[in-house]
Amino acid sequence: MILSMVKRHLKCYFRDTSSVFFSMFGVLIIIGLYLLFLGSMIEGSVSSFAGEEGRFFIDSWIMGGVVAASTMTTTLGAYGIMVTDQSTKILRDFKSSPMKRWQLVLSYVISAMIIGMIMSLFTLVLAEIYISFQGSILAFDTLIKVLLIMILSVASSSAFVFFLAVFIKSSNAFAAVSTVIGTTIGFMTGIYIPIGQLPMAVQTVIKIFPISHSAALLRQLMMNEAIPLHLVPENFRLFLGINLEFGNGVMENWVHLIVLAGTLIVFYFVSLLIVIRRKEKE
């Protein structure tokens, strides 16, 4: 029964082309701005150590952030199905069926993660095609690591946006939230303005969002293909958000992984508690 519902959610999402487009809207904005002027602005600042690989290095930086951003915007778009079902009262029909509440909730979560992974893979393929014009595609072992980080990022982002979605009652409110996240995702991943250029208070806020940790991990893997990161000055790695600073030190990769895993566990747990309590009041 869960499998049937997952198939139904997937069909609803991919059948609605506008939903697919707007779930990628934030990513498209980032790519557009990068092609127009962001790339040229940043490329000049890496020429001192990157040399001829400067464009390859910056392309990998931007695309690492783009792939990270897609894991959040696409999972958010997927939960639009749940909000639509609730606003159109379809959810009541499902609740009156033999299906248990937890099975229904799980079907939305699974479909959101599948959609998020499919669309993120699509984004990665496009990113690698673009990067190949300036450099080379990812080595096989690096690609495997990137895919594993993407899976964790999709799961973490799914938990975060599911928490938001359980409070949204109408399609209009969901569209407003999607627009806000889609247009601010570039700031949360430090793309529009490199994180090192922002005030410390804003940097701290950005580091709260799990997506910034996904972006850091993906950038490290993808940019290392262009230039070994130990050759990149530490202050520049912090400036671009390749590494994130905490206190007086730089976060280790295991810290990023713990943040992502912790977000996954905490937000799903809290969201399920909210759903259970809401059921008790009905």
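The values are calculated or read from the model by the stated rules, or taken from the named source; none is laboratory data. Because the structure is a prediction, the values reported are computed rather than measured. Note that we place each Cβ from the backbone using ideal geometry, even for glycine, and neighbour counts take in every protein chain shown.
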Quiz item: In segment 109-135, what residues are more than 28 Å from Lys11 (Cβ to Cβ) and in contact with a Phe, Trp or Tyr (Cβ under 8 Å, 6 or more places away or on another chain)?
Solution: Ile131, Gln134, Gly135
Quiz prompt | Which listed residue is over 23 Å from Phe21 (Cα atoms) and of a type outside the set (S, T, N, Q), from Phe209, Phe162 | solution = Phe209
Quiz item: Within segment 136-166, how many residues are in contact (Cβ under 8 Å) with a residue 12 or more places away in the chain and part of a loop (DSSP other than H, G, I, E, B)?
Solution: 4
Quiz item: So which of Phe140, Phe160, Phe94 is more than 20 Å from Phe174 (Cα to Cα), of a type in the set (Phe, Trp, Tyr) and at pLDDT 85 or above?
Solution: Phe140
Quiz item: Looking at segment 245-270, which of its residues are within 17 Å of the chain's Cα centre (by Cα) and not polar (S, T, N, Q)?
Solution: His256, Leu257, Ile258, Val259, Leu260, Ala261, Gly262, Leu264, Ile265, Phe267, Tyr268
Practice problem: For segment 55-71, enumerate the residues that are without any contact (Cβ under 8 Å) to a residue 24 or more places away in the chain and under 17 Å from Ile151 (Cα atoms). | Solution: none
Quiz item: Of the residues that sit in segment 197-255 and are part of a loop (DSSP other than H, G, I, E, B) and aliphatic (A, V, I, L, M), which one is farthest from Ile137 (Cα to Cα)?
Solution: Leu198
